[in-house]
Amino acid sequence: MPHSIFIRERKSGKARPPELVAYDIDSISLANRLVRRIAKSFRNNGHDPETGRRWFQQKTSVFDIYRWHQ
């Protein structure tokens, strides 16, 4: 089953829809590695144990990045 990668900005109040970064990734392990590497490419990054998602900070905004099965 193919997987996609999405990014969503964390903002209080108004929620924006997630943005598609990649799709049709056949391997769950490859999709997870891509999510981890994209997040780690930013200086401030981590893993949110409550949601199981990775996050990163760019300037003053914090983003969640995650894999989703299609």
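The values are calculated or read from the model by the stated rules, or taken from the named source; none is laboratory data. Fair warning: this is a prediction, and the values are worked out from it, not measured in the lab. Glycine gets a Cβ as well: all are built from the backbone with ideal geometry, and neighbour counts include every protein chain shown.
Observations
- Only residues that are in a loop (DSSP other than H, G, I, E, B), out of contact with any Asp or Glu (no Cβ under 9 Å at 6 or more places or on another chain) and surrounded by 10 or more Cβ atoms within 10 Å (Cβ to Cβ) were counted in region 27-54, giving 3.
The rows are residues; the columns are (1) aromatic (Phe, Trp, Tyr); (2) modelled with pLDDT under 95; (3) surrounded by fewer than 18 Cβ atoms within 10 Å (Cβ to Cβ); (4) touching a helix residue (DSSP H, G or I) at 6+ places or on another chain (Cβ under 8 Å).
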residue	(1), (2), (3), (4)
13	no, yes, yes, no
24	no, no, yes, no
61	no, yes, yes, no
65	no, no, no, yes
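- Scanning region 1-23 for residues that are within 22 Å of residue 70 (Cβ to Cβ) and either hydroxyl-bearing (Ser, Thr, Tyr) or in contact with a His (Cβ under 8 Å, 6 or more places away or on another chain) (or both) yields 1, 2, 3, 4, 23.
- Members of region 14-31 found to be of a type in the set (Ser, Thr, Tyr) and within 7 Å of residue 4 (Cα to Cα), listed by number: 23
- Every residue from region 57-70 that is part of a strand (DSSP E or B) and either farther than 24 Å from residue 2 by Cβ or acidic (Asp, Glu) (or both): 57, 58, 61, 62, 64
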